[in-house]
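The values are calculated or read from the model by the stated rules, or taken from the named source; none is laboratory data. What you are looking at is a predicted structure, and each value in this text was computed from that prediction instead of being measured. Backbone-built Cβ (ideal geometry, glycine too); neighbour counts: all protein chains shown.
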Amino acid sequence: MITILFATNREARPFLALVGAAPAETVPFAVYRSAAHPRLQIVVSRMGKIAAATACQAMILMHGATHIVNPGACGALRDAPELAVGNLVRISEASEGDHEIFGKRVPPVACGTGLGSALPAARLVTNDRPVFDALRRDEYAQYGDVVDMEGAAVARMAALYGVPCDLIKGITDTAQHLERDTLLRNLDAVCERIALFLKDSLPECQDA
């Protein structure tokens, strides 16, 4: 059973419409299913690392998830053509920007099963606070290409249970000062592009 884990309803909405998914459960997380695609389930975790990790665990233990896909928005940490706003990337490894143990960064989690192999590979940094700050952008760019608020937590939880995990991210902004409006302005278009990519790329979406 493949599970698509979105952080927000706004990110999930285009994909839910494409596959004709309807609400199946509301507690503790909103879960959606489609009669046309019985091997597919969609969950909306809410924002942040704890919510995303908990939803991932719940889908593995309670709903039999055998493959986790976490799509969503991200900001670019470097200025490069492949990281232009509007592009999609596949995450090769994910780490937590604000997680240290005895002053040492926690090693990243490798991710990816081959989904989106034609997309540019990128390293993800996940942070509980959104990054719209030039200094933090430069700091995180030392070990990441893009930044979000959930992905590394999902990847780490999936790895804990030995469940394959893919992170597909769409770039909405450049994670710099005054980029909040840029994120909101680009979010819907990026989410539409993610939805189309998932619909075309996941075998579970070809059942109908």
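Points worth noting:
- Here is the figure for region 30-52: residues that are surrounded by fewer than 20 Cβ atoms within 10 Å (Cβ to Cβ) and among the hydrophobic types (A, V, I, L, M, F, W, C) total 6.
- Criterion violated by residue 147 - all others in (1) part of a strand (DSSP E or B); (2) more than 22 Å from residue 43 (Cα to Cα) satisfied: (2)
- Evaluation of residue 142 against (1) more than 17 Å from residue 11 (Cβ to Cβ); (2) surrounded by 20 or more Cβ atoms within 10 Å (Cβ to Cβ); (3) among the polar types (S, T, N, Q) (one fails), failing number: (2)
- Members of region 22-54 that are closer than 20 Å to residue 187 by Cβ and of a type in the set (A, V, I, L, M): 30, 42, 43, 44, 47, 51, 52
- Counted residues, region 18-51 - those being under 16 Å from the mean Cα position of the chain (by Cα) and under 16 Å from residue 196 (Cα atoms): 1
- Of all residues in region 154-208, those being surrounded by 20 or more Cβ atoms within 10 Å (Cβ to Cβ), among the small types (Gly, Ala, Ser) and either at pLDDT below 95 or part of a helix (DSSP H, G or I) (or both) number 4.
- If the condition is being closer than 21 Å to residue 47 by Cα and in contact with a Cys (Cβ under 9 Å, 6 or more places away or on another chain), then region 91-121 contributes 91, 93, 94, 109, 111.
- Here residue 92 passes the criteria (1) hydroxyl-bearing (Ser, Thr, Tyr); (2) without any contact (Cβ under 8 Å) to a residue 40 or more places away in the chain; (3) in a loop (DSSP other than H, G, I, E, B); (4) within 25 Å of residue 57 (Cβ to Cβ) except the one numbered (3).
- Candidates are the residues of region 4-17 that are within 18 Å of the chain's Cα centre (by Cα) and part of a helix (DSSP H, G or I); the one that is surrounded by the fewest Cβ atoms within 10 Å (Cβ to Cβ) is 9.
- Subset of region 85-107 that is of a type in the set (A, V, I, L, M) and out of contact with any Ser or Thr (no Cβ under 9 Å at 6 or more places or on another chain) - its residue that is surrounded by the fewest Cβ atoms within 10 Å (Cβ to Cβ): 101
- Screening the candidates 78, 46 for the property of being in contact (Cβ under 8 Å) with a residue 60 or more places away in the chain and among the charged types (D, E, K, R) yields one hit, 78.
- Exclusive hit being hydrophobic (A, V, I, L, M, F, W, C), without any contact (Cβ under 8 Å) to a residue 12 or more places away in the chain and surrounded by fewer than 20 Cβ atoms within 10 Å (Cβ to Cβ), set 110, 118: 118
- Unmet requirement for residue 55, which otherwise passes all of (1) surrounded by fewer than 22 Cβ atoms within 10 Å (Cβ to Cβ); (2) part of a helix (DSSP H, G or I); (3) of a type outside the set (S, T, N, Q): (1)
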